[in-house]
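All of the numbers you see were taken from the coordinates with simple rules; none came from a lab. Given the structure is predicted, the values throughout are model-derived calculations rather than measurements. Please note: Cβ atoms are built from the backbone with ideal geometry, for glycine as well, and neighbour counts cover all protein chains shown.
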Amino acid sequence: MKIRIKGNSVRFRLTKTEVETFCRDGFYEETTIFGRNTLIYALQAKAGTTELEADFVDHKITIYEPEQELSAWANSDTVGFKNSVDWNDPTALSLLVEKDFTCLDNTIEDQSDNYPNPKLL
């Protein structure tokens, strides 16, 4: 799972295997070690919610996805999910969780588990 943070925007991108694991288990996380500190970022299913939510506690970023979205996401054409954002509020947090597509340009990273890019089809 990749994480991208820019300003008040957080985006998670998941490979096929990661989406399948998340849809099966309702949870997926990654860890990045910074010397003596650790950053954990996780995607977790949550009952009773209708849009993405997030929190940041004890060096861990968690994005909560509505539990009802789990059953079909891995085998559907749905690319991802985002919350509704009030762009007039500078403190609003924009959240996006999406499938990771193969890049259109040449890249050295392994993309064998990424989704086919729809622009190449």
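Charge tally around Ile40: other residues with Cβ under 14 Å, Lys/Arg +1 each, Asp/Glu -1 each, net -3. For Lys60, the aspartates and glutamates whose Cα comes closer than 15 Å to its Cα, not counting residues fewer than 8 places off in the same chain, are Glu29, Glu30. Taking a straight Cα-Cα cut-off under 19 Å and skipping sequence neighbours fewer than 8 places away in the same chain, the lysines within cross-link reach of Lys16 are Lys2, Lys82, Lys99, Lys119.
Charged neighbours of Asn114, selected by a Cβ distance under 12 Å, balance to -2 (K, R count +1; D, E count -1).
Neighbours of Val19 by Cβ distance under 9 Å: Lys/Arg scored +1, Asp/Glu scored -1, total -1.
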